[in-house]
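The values are calculated or read from the model by the stated rules, or taken from the named source; none is laboratory data. Every value quoted in this text rests on a predicted model; they were computed, and no experiment measured them. Virtual Cβ from ideal backbone geometry, glycine too; neighbours counted across all protein chains shown. Surface accessibility is based on the protein's heavy atoms, side chains included, excluding ligands, DNA and RNA. Shrake-Rupley method; radii C 1.70, N 1.55, O 1.52, S 1.80 Å.
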Amino acid sequence: MVGVYDICARVQNGFRARLGRIAVPETKLNLAVSRVLYNQGFVSSVTRGTHLGFDTTYVPTTNLNVAERRLWLSLKYYQDDPVLRRMSCISKPSRRIACTANQLQTLASGKSWSIVKGIVPGEIIIVSTTKGVLEIQDAVKDGLGGVLLARAG
């Protein structure tokens, strides 16, 4: 769960500042969340690099360079408006919200469950499952439950 709130804040602040690219620390969780955002069309590309810029050739991450490794996300805009208007955490370190497959299906259909509101068109929920980090529709299709990480739309 470490870092979900960090990538949410960085992505949302990048869109609010109308930046072209943002850098987030290179972790497995940030890579998985970035992959979901890319697959859903909220960012135009995800590139590995350092704190100075993206890599032109492959550089492996080692114990010596792990502190300076970053993922560079190219933010997407449509007619000068950000594609992603809001990204917020659902689960926090002090409050993890786990759902079964049936509860995820309820959320995916637009109905509220517990303290979580259902999704509306154009919005996604990112879920951490046993098969990795997935978008809520993919988790429902696979019949998986998991921890709700973030909401983006």
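Of note:
- Looking across region 1-25, just one residue is aromatic (Phe, Trp, Tyr) and either surrounded by 20 or more Cβ atoms within 10 Å (Cβ to Cβ) or touching a helix residue (DSSP H, G or I) at 6+ places or on another chain (Cβ under 7 Å) (or both), and that is 15.
- Within region 82-106, residues that are of a type in the set (Gly, Ala, Ser) reach partners that are open to solvent by 40 Å² or more (accessible area, probe 1.4 Å) with beta carbons closer than 6 Å, at six or more positions or on different chains, in the pairs 101/143.
- Each residue in region 107-153 was checked for being in contact with an Asp or Glu (Cβ under 9 Å, 6 or more places away or on another chain) and either open to solvent by 80 Å² or more (accessible area, probe 1.4 Å) or without any contact (Cβ under 8 Å) to a residue 12 or more places away in the chain (or both), and 1 of them qualify.
- Verdict on residue 95 being basic (Lys, Arg) and open to solvent by less than 60 Å² (accessible area, probe 1.4 Å): no
- No other residue among 120, 133 is assigned to a strand (DSSP E or B) and either of a type in the set (A, V, I, L, M, F, W, C) or at pLDDT below 95 (or both) apart from 133.
- Qualifying residues in region 115-139 (those that are of a type in the set (A, V, I, L, M, F, W, C) and more than 20 Å from residue 38 (Cβ to Cβ)) - the one farthest from the chain's Cα centre (by Cα): 115
- Residue pairs whose Cβ atoms lie under 8 Å apart, sitting 6 or more positions apart in sequence or on different chains, and linking a residue in region 38-53 that is touching a residue at least 24 places away in the same chain (Cβ under 8 Å) to a partner that is open to solvent by 60 Å² or more (accessible area, probe 1.4 Å) and of a type in the set (A, V, I, L, M), are 46/31.
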